[in-house]
Amino acid sequence: FTTEAGLYTASDQVVVLTPDNVDSVLVNSTAALVVEFYASWCGHCIAFSPVWKSLASDIKEWKPAVDLAAIDCANQDNGPVCSRFGVRGYPTLKVLQLLYPTRFPRNVRGLRRKIIDKMETHAEPWPPACPPLETTSRAELDNFIETNSVGHLALLFETPNSYVGRELTLDLLQYENIAVRRVLSTEDGLVAELNVTHFPSCYLYYPSGIFTRLHVQLEVRTFYTYALQRLPGVVRAGKPLPVTSDLTKNTTEDQLRPFNRSRVYMSDLESTLHYSLRVELAAHPVIKGEALSTLQRYISVLAKYFPGRPVVNNLLKSVDMWLKGEKDTELSYSSLRDALDNTAEVPNASLPEGVRWVGCQGSKPHFRRYPCGMWTLFHVLTVQAEEAADPQEVLQAMRSYIHSFFGCRACATHFENMAQESMSHVGTLSSAVLWLWSHHNHVNNRLAGALSEDPHFPKIQWPSPELCPSCHGVKNGEHTWNQAELLTFLRSHFSSEHLLSDYLE
Ligand code: FAD
C-alpha cells in the first residue's frame with residue numbers, strides 16, 4: 001500500500017495523518033482534532049469520504065478550533081497509529097480522545113452538530129482557540145461591552161434547540177472586529193428590548209443600546225455568514241484592513257481602472273490570451289508529445305468558442321488551421337509565435353499585445369490578474385460551447401492546458417486532483433458549466449484567507465446573495481444552491497452579449 005491509495009489528498013482540506021506527522025499534529029494543534037480512521041478498501045468509507053470532504057469545506061472557518069483529519073488504516077505503515085488509538089472498525093471518528101465507533105451521522109449537518117455537542121460536553125480542556133459557545137444573558141452582554149471594543153457585536157436570537165448561533169460563532173472565528181453571541185428566545189429582557197419576534201434572527205448591537213436587525217435574504221447560517229463577514233471593518237485575522245487608497249492608486253505605473261465588479265470584461269479575456277500564448281507558452285521552447293496535443297486542443301477550443309472581436313477570432317482560427325496542418329511531431333515555440341504575430345498573409349487578424357486587466361485588476365500588482373483571467377476565460381468558454389457535440393470538450397481542454405502549461409504548478413496539481421475525481425462524470429453541456437463553477441468554488445474555499453487573497457476581493461462562495469439572490473435557497477434549514485437558477489445566471493453572466501468592451505484598444 002502507498003499513501004496515494006488513500007481517499008484524501010492535499011486538496012481536500014483534511015489533514016492526512018501518517019506515522020511521521022501524527023505526534024507533531026496532535027501536539028501542535030490548538031484545535032480539537034476530529035480524526036476519521038478509515039480503510040481505503042471499505043465501501044462505507046468510500047461512500048463516506050465525499051461527506052467528510054464536504055464537511056471540511058463547510059467548517060473550514062472553524063479550523064483554529066476544530067480541524068478534520070483522516071488516516072488510512074489499510075496502509076500497513078499506518079497500522080501502529082490506528083491500533084494506538086484502539087481503532088478496530090471503519091470508519092471510526094475520534095474527537096480528541098473520545099471514541100465514536102462507527103455510529104455517527106453520515107451527513108454534513110449532523111456531523112457539524114455532533115462536533116459542537118462533543119466540544120461542549122467533553123472532559124478535556126476546551127480547545128484554546130475556541131470561542132465561548134454558551135448563551136448570553138443581559139448581564140454578560142453589559143460586561144462584554146464594557147470590557148471589549150469590537151466594532152460589531154452580532155446577537156443571534158434563537159430557540160434552545162437551534163445550532164445556528166454556535167455555528168455562526170465558529171464561522172466568524174477567524175474574523176476580527178466582530179463578536180457573535182447567541183441569545184435564547186427565553187431571554188425575555190433582551191427579546192423585549194430589541195422587540196425580537198423571529199427566531200432565528202440576527203441583530204447588530206452597539207454600546208449605548210443602539211441596535212439594528214441584520215438584513216438577510218433568508219434567516220439561515222450561510223446568509224448571516226455572508227453578511228457579517230462583509231460588515232465595514234470586519235477583516236480576517238492577520239489580513240490588513242482594505243485601504244481605499246489601494247484601490248484608487250495601486251503601485252503599478254497605471255491607476256486602477258474604474259470597473260463594475262459584477263460584470264465580465266473582454267479586455268481581461270484578451271489579456272489572458274496574450275499572457276497565455278505569448279508569455280506562458282514561451283517558457284516551452286519545444287512543444288511535443290502530450291503537450292503538443294494539449295496546445296492543439298486548447299487553440300481549437302479557442303477558435304471555436306472564444307466570443308472575441310472579429311480580428312481576434314480571425315487570428316485564433318488562422319492559428320488553429322496552421323496547427324491542424326502541421327505534420328511535425330514537435331513544434332518550436334518560435335514558430336507558434338510567428339503564427340501569432342506574422343499575420344500579414346491573413347487579413348484583418350491580430351491579437352493585441354500586452355495586458356490591460358479590468359475586472360481582474362488587483363489592489364496590488366501581485367494580486368489577481370492572470371489566474372483570474374484564466375478562470376474567467378474558461379467559464380466563458382463552457383458557456384459559449386452551447387452547441388458543442390462533446391460536453392467534455394472545453395473542460396478537458398482546460399484540464400490539459402493547466403496540467404501541461406499553467407505556471408503555478410501547485411495549482412495544476414490541485415486542479416488535476418479535482419479533475420481526476422469527477423470531471424469524467426460530466427455528461428451534459430449544462431453540467432460542464434456547473435462543474436467548473438462548483439470546482440472554482442472549491443478552490444475559493446481552500447484559498448479563503450490565504451496570502452494570495454486580495455483583501456479587496458475576498459474569496460467567497462460565488463455568486464453572493466447580492467449578485468444572484470435566486471441562486472441561493474434553503475432546504476431543511478440548510479443553505480442550498482438552486483442549480484436551475486444558477487445555470488441561468490451563469491449563462492447570462494458569462495454570455496457574449498453581456499461582455500463589456502471598455503478599455504479595448
Ligand atoms: P478568482 O478565483 O481568480 O476568480 C475570478 C473571478 O471569477 C472572480 O472575481 C469572480 O467574479 C468569478 N468567480 C469566482 N468564483 C467563481 C465561481 N465559482 N464560478 C464562476 N465564477 C467565479 N491559487 C492558489 O494559491 N492555489 C491553488 O491551488 C490555485 N489553483 C488554481 C487553479 C486554477 C485552475 C486556476 C485558474 C487558478 C488557481 N489559483 C490557485 C489562483 C486562484 O484560484 C485565483 O485565481 C487567484 O488567487 C486570483 O483570485 P481572484 O480574487 O482574482 O478570483
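The values are calculated or read from the model by the stated rules, or taken from the named source; none is laboratory data. Predicted model only: the values in this text are computed from it and were never measured. Quick reminder, even Gly has a Cβ in these numbers, built from the backbone with ideal geometry, and neighbours come from all protein chains shown. Please note that ligands, DNA and RNA were not included when accessible areas were found on the heavy atoms of the full protein model with its side chains. Shrake-Rupley method; radii C 1.70, N 1.55, O 1.52, S 1.80 Å.
Here are a few things to note about the model shown:
- Carbon and sulfur %, accessible surface of region 130-271 computed with the full protein complex present, 1.4 Å: 54
- Whole-percent P(r), region 431-488, all Cα pairs, 5 Å bins from 0: 4, 17, 24, 24, 18, 10, 3, 0.
- HN-Hα J in Hz across region 266-279 - Karplus 6.51, -1.76, 1.60, θ = phi - 60°, x for Gly and Pro: 4, 4, 5, 5, 5, 5, 5, 4, 4, 5, 5, 7, 9, 10
- Rg to Rh, two decimals, where region 460-505 supplies the alpha carbon set and Rh follows Kirkwood: 1.13
- Of interest is the spacing of the C-alpha centroids, which for region 1-54 and region 452-505 amounts to 32 Å.
- Pairwise alpha-carbon distances in region 142-282 exceed 18 Å for 66% of all pairs.
- Cα-based shape type of region 379-498, given that a ≥ b ≥ c are square roots of the gyration tensor eigenvalues and the cut on a/c is 1.5: oblate
- Take PHE199: with every protein chain present and a 1.4 Å probe, its accessible area is about 70 Å².
- Apportionment of accessible area to carbon and sulfur, region 385-500, percent (1.4 Å): 55
- Order of exposure, largest accessible area first, which applies to TRP375, TRP62 with probe 1.4 Å: TRP375, TRP62
- Heavy atoms of LEU429 accessible to a 1.4 Å probe, total area in Å² rounded to 10: 40
- Counting only DSSP H runs of at least 4 residues, each contributing -39500 (n - 2.57), and dividing by the residue count of the chain, the helix-based mean residue ellipticity at 222 nm comes to -12500 deg cm²/dmol.
- For GLU176, residues with placed amide H under 5 Å, excluding near neighbours: VAL235, ARG236, ALA237
- Between ALA69 and VAL15, VAL34, VAL35, GLU36, the built amide H atoms are under 5 Å apart, and every one of these is 5 or more places off in sequence or on another chain.
- Phi-derived couplings, Karplus 6.51 cos²θ - 1.76 cosθ + 1.60 at θ = phi - 60°, listed residue by residue for region 39-46: 10, 5, 8, 7, x, 5, 5, 5 Hz, with x used for Gly and Pro.
- The residues of the chain present an accessible area of 45 Å² per residue when probed at 1.4 Å with all protein chains retained.
- Cys residues of the chain that find no other Cys beta carbon under 4.7 Å: CYS130, CYS202.
- In this structure the amide hydrogen of HIS472, modeled in the peptide plane, comes within under 5 Å of the amide hydrogens of ASN482, none closer than 5 places in sequence on its chain.
- In percent, rounded to a whole number, the relative contact order of region 389-505 is 17, using alpha-carbon pairs under 8 Å and six or more apart.
- Relative contact order, whole percent, for the chain stands at 13, derived from Cα pairs under 8 Å and 6 or more residues apart.
- Cα gyration tensor category, rounded, prolate or oblate, for region 287-416 with a/c compared to 1.5: rounded
- For the peptides 227-234, 366-373, the ranking by mean Cβ contacts within 10 Å, running from highest to lowest, is 366-373, 227-234.
- Between SER208 and GLU140, the FRET efficiency from the beta-carbon distance, with R0 = 22 Å, is close to 0.80.
- Volume per residue for the chain equals 173 cubic angstrom (convex hull of Cα atoms).
- A simple count of charges around PRO19, restricted to other residues whose Cβ falls under 15 Å of its Cβ and scoring Lys, Arg +1 and Asp, Glu -1, yields -3.
- Normalised Debye scattering of region 367-414 at q = 0.17, 0.32 Å⁻¹ gives log10 I(q)/I(0) of -0.53, -1.21, counting only Cα atoms as equal scatterers and leaving out solvent.
- Per-residue ³J(HN,Hα) for region 356-370, Karplus 6.51 cos²θ - 1.76 cosθ + 1.60, θ = phi - 60°, Hz, x for Gly and Pro: 9, 6, 10, x, 9, 5, x, 6, 9, x, 8, 9, 6, 6, 4
- Shown here for region 374-482: GluC sites (Glu not before Pro) in loop regions (DSSP other than H, G, I, E, B) with at most 11 other Cβ atoms within 10 Å, namely GLU466.
- Measuring with a 1.4 angstrom probe and ignoring ligands and nucleic acids, VAL191 comes out at about 20 Å² accessible.
- The chain, dipole about Cα centre (Lys/Arg Cβ +1, Asp/Glu Cβ -1), debye to the nearest 20: 440
- Counting Lys and Arg as +1 and Asp and Glu as -1 over every other residue whose Cβ lies under 12 Å from the Cβ of VAL216, the net charge comes to +1.
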